[in-house]
1. Show me the helices (runs of 4 or more DSSP H) entirely contained within the range 371-481 in which 1 or more residues are under 26 Å from Ala527 (Cα atoms), in the same structural domain as Leu279 (by TED's automatic domain parsing) and polar (S, T, N, Q).
2. In the range 508-540, how many are in contact (Cβ under 8 Å) with a residue 40 or more places away in the chain, crowded, with 17+ Cβ neighbours inside 10 Å and part of a loop (DSSP other than H, G, I, E, B)?
3. Could you count how many residues in the range 323-352 are under 30 Å from Arg391 (Cβ atoms) and in a loop (DSSP other than H, G, I, E, B)?
4. May I ask you to list the residues in the range 359-375 that are in contact with a helix residue (DSSP H, G or I) (Cβ under 7 Å, 6 or more places away or on another chain) and surrounded by 19 or more Cβ atoms within 10 Å (Cβ to Cβ)?
5. Working carefully through the options Leu58, Leu113, Leu155, find the one that is surrounded by 15 or more Cβ atoms within 10 Å (Cβ to Cβ), at pLDDT below 95 and at negative phi.
6. Inspect the range 591-603 for any residue being in the same structural domain as Glu534 (by TED's automatic domain parsing), surrounded by fewer than 21 Cβ atoms within 10 Å (Cβ to Cβ), without any contact (Cβ under 8 Å) to a residue 40 or more places away in the chain and outside any loop (DSSP other than H, G, I, E, B) and give the result as yes or no.
7. Taking the condition in the same structural domain as Gly431 (by TED's automatic domain parsing) and of a type in the set (Lys, Arg), does Arg526 pass?
8. Provide a single number: the residues in the range 236-274 that are within 16 Å of the ligand (Cβ to nearest atom) and assigned to a helix (DSSP H, G or I).
Amino acid sequence: MSDQKVYRLRLGTPENAAPVRLFGAGEAAPFNEGAASLPFSRREVQSRAAARGFVVELPMRNDEDIYGFGLQFHSLNHAGRRRFLKVNSDPVCDTGETHAPVPFYVSTAGYGLFVDTFRCATFYLGTNGERGSSKETAEPEQERKEFSEEALYALKRARNKRSVIIEIPHCAGVDLYFFEGPRLLDAVSRYNRFSGGGCLPPRWALGAWYRMYGGADQEAVLRLAEQFRRDKMPFDVIGLEPGWHSHRYSCSFTWDAALFPRPDELVERLKAQGYAVNLWEHAFVHPSSPLYETLEKHSGNYEVWGGLVPDLADSAARERFAAYHARAFVDAGVAGFKLDECDSSDFNPSNWSFPDCASFPSGLDGEQMHSAFGLLYQKTIEAAFAARGARTFGLARSSWALASPSPFALYSDLYEHRQFVRALVNAGFCGLLWAPEVRSCVSSEDFIRRLQTAVFSPLTLLNCWRIPNPPWFQTDTADNLAGIRMADSDTVTRITRQYLELRAALVPYLSAAFQRYHDEGVPPMRALALDYQEDERARAIDDEYLFGPDLLAAPVFAGEAGREVYLPQGEWRDFWTGAPVEGGRSFFVTAPLDRIPVYVKNESTVSKCFDFKRFWGYTICI
Ligand code: GAL
C-alpha cells in the first residue's frame, strides 16, 4: 500500500457526497506523523471549522511554484494567486473558474494535494499571512527601487511568510490526499494512478475528427463523408450536431424523421467507409423523449430548457440513461457521444443550467451537482458501451477530479488560440485531455495554424457545425454558407491533407504514449515543467509542450512569421529537416505556413513508431 506513496488525512467530518466515494479511487495510507516524506509534518497541516465552511492551512515555501487546478486557460503557475474552483464555461479572466476545475495541484516543494470535495473551494496560494506573521521579517535592502505595481507586489509576495489556505464552503470536514514527489511528474503520475490510470483511446479516436454542419440532413452527411474518401482526407470520426434530435434543447434522444429518415442505414454506410460515428447531445431530457417518464422521479427539482435534469449521482438514473443509450445507439453501431452543456456559465448571457440551491434525490445539492455532473455524465455514457462489451471515446464540456481513466476529451466555445495552447499545457497536470478544436477561422492562415495545434494535441477535431462546406474550401462563415470557394483553397486543401496524414502516421507513437498514461500515469501531453523541473525557464513556458515522450511542439499563431522557441538542455533535432539543434537556449525560428515548429528529443524511440524516412518523402532525422 505504501508503495503508492499516497496518504489520506481526514479532517473534521467529511460530507458523504465526495469524488472518491462517487467515482472510486486507489488506496491511500493514513497520513500520520512521520509516515510520509512530504515537505511538512502532520502537525503543520492545520484546520478549523468556520462560519463559511471548513478551512485548511499548510505551509508554503517562498520559492514554491504551483501547477494544476484543471483546465486553466489563463495562467500556468498559480503560486501567489487565488483560485476559485467553480465549474464555469468560457471563463473570461484568471479566477480559477473553468469547464473542468480540479481540486488537485502539484508543488515544486515536492508533493501533490487532492482535496476530496465537490464544493467550490477557494485556494489562496501564498497570497495571505496571519496577523503578526510579518513582524520578524526583515525588509531586504533594495539597490534600485522600482516603482511599478508589478515590482512592488512581487517583492511583497517574496518577503511574506506564505501558506496555502483552502476554504471549503458548506461543510464540516474533508479528506485530503497527499501524493509524494519528489518530482512534479512523480506526484502527477501517482495522482493519475490513484484515479484509476490514464484512459486508453481506441485507435480511431487518435485519428482525425470532423463534425458536420448542424443543418445537414442524412444525404448531405453521406455526400461529404464520401467526398472525404474520394479527396483522400483521412478522417476517422464523423460527428453529428444537434440537428439529428427530433427536439434539440432540451434533448429528445430520438432521430429527427425529416432530416434523418433512415438512421440505421446512415450509421451502417458511414461505418462501411471506415468512420466511427459520434452523436451530439446534452443530458437535459425533453418531455417528448422516451426517457422522460422513467427519469422523472430520478431528477432534480428544477428544469433546464424545459427538460429534466437527471440525477446522475443516483445509480437508478444512471442505469436507465445508460440502458436506453445502449439499446438505441450502441446496438445501432454508434461509437460515441459529444456531451454538451454539462457545465453552466456565469459569463455567457444565456445563463443556462440549474441553480446551486437545486436538490437531487441522491442528496447532492446544486453546487455539488454542478461540479460532479460532467464526469457523472461521462461515466454514464461509458457504462452504456461497457454494457455491450464495447469501448468508446467522446467529447465532454465539463469534468472534475479523478477523471484520468475517463475516455473523453474536453472542448470549449472559447476560442483564443493562445489560451487553447495554454489549456493543453495545463490539462496534463490533472488527468484531463483537451481538444483545441478548429472552428470558424478569420483567414486561411488562422485555419492552418489552428489545425497544426490540433494535430499535435490529444484529439484532432474540426468542428464545422456552422458551415456546410469544409473549411479548406472556405474559412469565412458567410461565404461558406453561400458556397463561395476561397482563392487559396487549393493550397489550403493540400496543407490540410498533409497534416491529417501526419496525424494518421503519428497514431502508433500516440498509442504508445497513451499506454504509458494508462500503466504508469505519465500524461501523454504535458508541460515542460514536468520533464524539466530544475530548469527555471522551462518551468515558466505555457506555449510549448511535450507531445508524447519525445516530441516538443511549439505552435505558431496567425499573424506571426515564426516564434521564439526555448529548448531545454540537450541535443535536439528539427522534426522537418533532421538538422541538429542545441538545447539550453532560446532562438527565433521562422515558420512557413506548412510548418509548425516541432523538435525531436530522442529520435530512436520516436522512430520505433513513426517512419520519418517515408513520410511525405522528406528525409527527416535519420
Ligand atoms: C455548443 C457547442 C458547439 C456546438 C453547438 C451546437 O454548445 O459548444 O460545439 O455543438 O453547441 O448547438
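The values are calculated or read from the model by the stated rules, or taken from the named source; none is laboratory data. Computed from a predicted structure; not experimentally measured. Because the Cβ atoms are built from the backbone with ideal geometry, glycine has one as well, and the counts that use them run over all protein chains shown.
1. Details: elements: 417-427, 444-455, 477-481.
In the range 371-481, 417-427, 444-455 are the helices (runs of 4 or more DSSP H) which contain 1 or more residues that are under 26 Å from Ala527 (Cα atoms), in the same structural domain as Leu279 (by TED's automatic domain parsing) and polar (S, T, N, Q).
2. Looking only at that region, the number is 6.
3. Of all residues in the range 323-352, those under 30 Å from Arg391 (Cβ atoms) come to 323-344.
Still in the running and in a loop (DSSP other than H, G, I, E, B): 331-335, 340-344.
Total satisfying the criteria: 10.
4. Hits for the range 359-375 are Phe360, Leu364, Ala372, Leu375.
5. Values: Leu58 fails: at pLDDT below 95; Leu113 fails: at pLDDT below 95.
Result: Leu155 is the single residue among Leu58, Leu113, Leu155 that is surrounded by 15 or more Cβ atoms within 10 Å (Cβ to Cβ), at pLDDT below 95 and at negative phi.
6. no
7. On the way: in the same structural domain as Gly431 (by TED's automatic domain parsing): no; of a type in the set (Lys, Arg): yes.
No: the conditions fail for Arg526.
8. 3
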